[in-house]
1. Condition first: surrounded by 12 or more Cβ atoms within 10 Å (Cβ to Cβ), assigned by TED's automatic domain parsing to the domain that holds V30 and not hydroxyl-bearing (S, T, Y). Can you find one or more residues in region 102-109 that meet it?
2. Output the residue which, of all residues in region 59-97 that are under 21 Å from V132 (Cβ atoms) and near the ligand (Cβ under 7 Å from one of its atoms), is surrounded by the fewest Cβ atoms within 10 Å (Cβ to Cβ).
3. Out of all the residues in region 1-58, which are modelled with pLDDT of 60 or more, of a type in the set (S, T, N, Q) and within 20 Å of G70 (Cα to Cα)?
4. For region 74-96, how many residues meet the condition of being touching a Gly at 6+ places or on another chain (Cβ under 6 Å) and either within 23 Å of A33 (Cβ to Cβ) or part of a loop (DSSP other than H, G, I, E, B) (or both)?
5. For the subset of region 23-48 comprising residues that are more than 15 Å from the ligand (Cβ to nearest atom) and part of a loop (DSSP other than H, G, I, E, B), which member is surrounded by the most Cβ atoms within 10 Å (Cβ to Cβ)?
6. Counting just the residues of region 98-115 that are over 21 Å from A33 (Cβ atoms) and of a type in the set (S, T, Y), which one comes out nearest to the ligand (Cβ to nearest atom)?
Amino acid sequence: MRPSAHPLRSLLSQTYSTSATPSPDVHTVVIGAGVVGLAIARQLVQHIPVTSSSSTTTNVLIIEQEASYGQSTSARNSEVIHAGLYYPPGSLKAKTCVQGKALLYDYCESRGIPHARLGKLIVAKDDAQVRVSE
Ligand SMILES: Cc1cc2nc3c(=O)[nH]c(=O)nc-3n(C[C@H](O)[C@H](O)[C@H](O)COP(=O)(O)OP(=O)(O)OC[C@H]3O[C@@H](n4cnc5c(N)ncnc54)[C@H](O)[C@@H]3O)c2cc1C
């Protein structure tokens, strides 16, 4: 799909007044156009169809307080694709981090988004940390 034709782009390009009456065509409202809000909206649009008498589609309205998307934390972080090392082994955070890392690499590669797999050098400072690292 051409970027300009993507349903999220057309929603993001619109300006909404807080006094506007919500359209009955909107199925879900996402507040915040950071990486989390955009990812949720994308999943809804692509994978959660809403069937009505006339169509099967999902209309998501993204409300963002800034002038555009990604103006907050999502555009000002360290840009590290984390490996999941810092979370307790087997925890939900560790599992989703490892899964998300693979998905993010696939996403970047399939769309030609520049990224680097730099690896990570971790130095154990004592015997206890050596045991953990092993
Ligand atoms: C210093 C720092 C470094 C980081 N480094 C990394 C890293 O290297 N790797 C990594 O994976 N993660 C990193 N993170 C974490 C990562 O950046 C965040 O987890 C992620 O960006 C959060 O995305 P978000 O969409 O939840 O929040 P945000 O990007 O903050 O988006 C929330 C959006 O909601 C909007 N909003 C809020 N309230 C309202 C409202 N009432 N009405 C309308 N809009 C509203 C805001 O304007 C904003 O655009 C870092 C975080 C920080 C702070």
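1. No, every residue in region 102-109 fails to be surrounded by 12 or more Cβ atoms within 10 Å (Cβ to Cβ), assigned by TED's automatic domain parsing to the domain that holds V30 and not hydroxyl-bearing (S, T, Y).
2. V80
3. T28, Q43
4. Qualifying residue count, region 74-96: 1.
5. H27
6. Y105
The values are calculated or read from the model by the stated rules, or taken from the named source; none is laboratory data. Worth saying up front: this structure is predicted, and the values here are computed from it rather than measured. Here Cβ is always computed from backbone atoms with ideal geometry, including for glycine, and neighbour counts include all displayed protein chains.
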